[in-house]
1. State the number of residues belonging to the stretch 34-44 that are over 19 Å from N17 (Cα atoms) and either modelled with pLDDT of 95 or more or not in a loop (DSSP other than H, G, I, E, B) (or both).
2. Which residues, taken from the stretch 28-69, are under 16 Å from P9 (Cβ atoms), loosely packed, with under 13 Cβ neighbours inside 10 Å and not polar (S, T, N, Q)?
3. Just one of (1) assigned to a helix (DSSP H, G or I); (2) touching a helix residue (DSSP H, G or I) at 6+ places or on another chain (Cβ under 9 Å) trips up S16, so point out which.
4. Are there any pairs, at least 6 apart or on different chains, whose C-beta atoms fall under 6 Å, with the first in the stretch 18-40 and under 14 Å from W77 (Cα atoms) and the second part of a loop (DSSP other than H, G, I, E, B), and if so, which?
Amino acid sequence: MYKLIKGVPEHRIVVSNFIGRFLYDEEVVHHLDENKQNNKIENLMLFENQSKHKKFHNKIAQFGMTNPIKRQIRNRWKNERIM
């Protein structure tokens, strides 16, 4: 479980606890199913900044759910999580 911190959105706390560090202010947490109430780690994806988050949305809008995008989603925690 995670500890709520006053003023920090739940989805940011969930990702922070999962990767084992605090998030930087510029990092963006994306809800894969676009349901902002679904804060399960399986539904969340971390982007380095708003620009990379926007590029992700633009690629989906332009090309749909292509294999590279599915691979990016599937591998989203490989380099982030501290084991």
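1. 1
2. E34, K36, K40
3. For S16, the failing item is (2).
4. Matching pairs, first to second residue: I19/E80; I19/R81; G20/I82.
Here is a yes/no grid of residues against (1) over 16 Å from I19 (Cα atoms); (2) in contact (Cβ under 8 Å) with a residue 40 or more places away in the chain:
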site	(1), (2)
L46	no, no
S51	yes, no
K55	yes, no
K59	yes, no
M65	yes, no
I73	no, yes
W77	no, yes
E80	no, yes
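The values are calculated or read from the model by the stated rules, or taken from the named source; none is laboratory data. Just so we're clear, the structure is a prediction, and the values are computed from it rather than from any experiment. Neighbour counts are summed over all protein chains in view; Cβ atoms, including those assigned to glycine, are modelled from backbone coordinates with ideal geometry.
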